[in-house]
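Undergrad: Can you keep this structure in mind? I'll have questions shortly.
The values are calculated or read from the model by the stated rules, or taken from the named source; none is laboratory data. It should be emphasised that the depicted structure is a prediction, and the values quoted were computed from it without experimental measurement. Because the Cβ atoms are built from the backbone with ideal geometry, glycine has one as well, and the counts that use them run over all protein chains shown. The area values use the complete protein model at the heavy-atom level, side chains included, leaving out ligands, DNA and RNA. Shrake-Rupley method; radii C 1.70, N 1.55, O 1.52, S 1.80 Å.
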Amino acid sequence: MARKPYLEFSIEDRHVGASMYVYGLKNGWFENKSKENGCEACLMPLGSGPIELHREDYSIIDPSELIVICYRCHRVLHMRDRYPEGWDFYREKVREGYRWPWTKDIGPAAGAMRSMNLNGARLVNEPRDRTVLDNIHDGVYLKGTPEDRQNRLKNLYKLEAEIKSGSQVTLFDDRQY
């Protein structure tokens with residue numbers, strides 16, 4: 001579970017968004033997003049290293065809003081505020097077609113972001129104009145205004161409280177999530 005705030009979302013917001021997503025999966029409200037196509041950023045195929053799901057907007061629990069991303073790209077995007085120049089460098093190199101080898105130790109990724117060097121990256125993909133990392137950078141996945149997101153979060157907190165109280169609940173009512 002989340003250990004730090006992310007963007008405008010507190011640790012508690014991240015927990016409620018994630019737990020309501022898991023509850024929805026377990027109760028058949030929707031199916032999990034497939035990871036079979038690998039990382040949407042660097043195009044690392046499934047089976048070459050861990051593939052994870054990333055959420056930019058914790059007020060939305062719809063699986064279509066999740067981003068399928070490899071372990072390295074996921075860690076790098078969470079370091080973007082710490083190393084903004086390195087984040088720009090990483091996004092540029094991924095657009096150019098570079099991919100770094102998978103390693104559990106994220107230290108090399110942080111080092112590459114600090115020093116802006118390729119550190120073992122290989123050119124393996126065709127260049128692209130944009131990647132999912134650019135969409136994340138540009139806020140594409142943050143839906144509506146901050147007030148809209150706060151209202152959706154309030155609905156998620158209400159939903160969580162109803163579930164904890166033992167009420168029969170459904171995701172598909174007039175509330176937005």
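Undergrad: Please give the per residue accessible area of the range 75-137, computed with a probe of 1.4 Å over protein heavy atoms only, in Å².
TA: Numbers: 3440 Å² over 63 residues.
On a per-residue basis, 55 Å².
Undergrad: How big is the accessible area of Leu142 in square angstrom, nearest 10, if you roll a 1.4 angstrom probe over the protein chains?
TA: 50 Å²
Undergrad: Taking a 1.4 Å probe, which of Arg99, Arg14 shows the most accessible area, and what order do the others take after it? Could you put the intermediate results ahead of the total?
TA: Working: Arg99 55, Arg14 30 Å².
These residues rank, largest area first, as Arg99, Arg14.
Undergrad: What does the charge count around Asn119 come to, taking other residues whose C-beta lies under 13 Å from its C-beta (Lys +1, Arg +1, Asp -1, Glu -1)? Don't skip to the answer; put the middle values down first.
TA: Details: positive: Arg72, Lys93, Arg99, Arg114, Arg122; negative: Asp105.
Net charge around Asn119: +4.
Undergrad: Using only Cα atoms, tell me the angle between helix 146-164 and the longest principal axis of the chain; keep it within 0 to 90° and round to the nearest 10.
TA: 60 degrees
Undergrad: Based on alpha-carbon centroids, what's the gap between the range 141-158 and the range 9-48 in Å, whole number please?
TA: Cα centroid to Cα centroid, the span is 18 Å.
Undergrad: For each pair in Lys104/Lys158; Lys4/Lys158; Lys104/Lys154; Lys33/Lys154, compute the distance between the two Cα atoms and list the pairs where it is over 26 Å. Numbers along the way, then the final one.
TA: Details: Lys104/Lys158 38 Å; Lys4/Lys158 22 Å; Lys104/Lys154 36 Å; Lys33/Lys154 24 Å.
Correct reply: Lys104/Lys158; Lys104/Lys154.
Undergrad: Please report, as a whole percent, how much of the solvent-accessible surface of the chain comes from carbon and sulfur atoms (probe radius 1.4 Å).
TA: Details: 4670 of 9500 Å².
Here carbon and sulfur together make up 49 percent of the probe-accessible area.
Undergrad: A further question follows. By what distance, in whole Å, do the Cα atoms of the chain stretch along each of the three principal axes, largest value first?
TA: 53, 30, 29
Undergrad: Let me know the whole percent of all Cα-Cα pairs from the range 11-105 that are separated by more than 18 Å.
TA: Within the range 11-105, distances greater than 18 Å cover 53 percent of Cα pairs.
Undergrad: Multiply the residue gap between Ser10 and Glu65 by 0.36 nm, knock off their C-alpha separation, and tell me the result in nm, one decimal place.
TA: Working: separation 55, 0.36 × 55 = 19.80 nm, distance 1.89 nm.
Stretched fully, the Ser10-Glu65 segment lengthens by 17.9 nm.
Undergrad: Grab the alpha carbons of the range 78-177, take their convex hull, and tell me the volume per residue in Å³.
TA: Numbers: hull volume 17.2 nm³, N = 100.
Given the Cα convex hull of the range 78-177, per-residue volume reads 172 Å³.
Undergrad: Another one. Decide, for the range 1-61, between rounded, prolate and oblate: order the square roots of the alpha carbon gyration tensor eigenvalues as a ≥ b ≥ c, take rounded if a/c falls under 1.5, and otherwise choose prolate if a/b is larger than b/c, else oblate.
TA: Details: a/c = 2.53, a/b = 1.37, b/c = 1.85.
Cα axes put the range 1-61 in the oblate bin.
Undergrad: Would you mind working out the magnitude of the charge dipole of the chain relative to its Cα centre, with +1 at each Lys and Arg C-beta and -1 at each Asp and Glu C-beta, to the nearest 20 Debye?
TA: Values: 27 positive and 27 negative charges, 129 e Å.
With Lys and Arg at +1 and Asp and Glu at -1, about 620 debye.
Undergrad: Okay, next question. Given Ser115, Ile136, Phe89, which one lies farthest toward the positive end of the charge dipole of the chain, if we put +1 on the Cβ of every Lys and Arg and -1 on the Cβ of every Asp and Glu?
TA: Ranked along the dipole, the leading option is Ser115.
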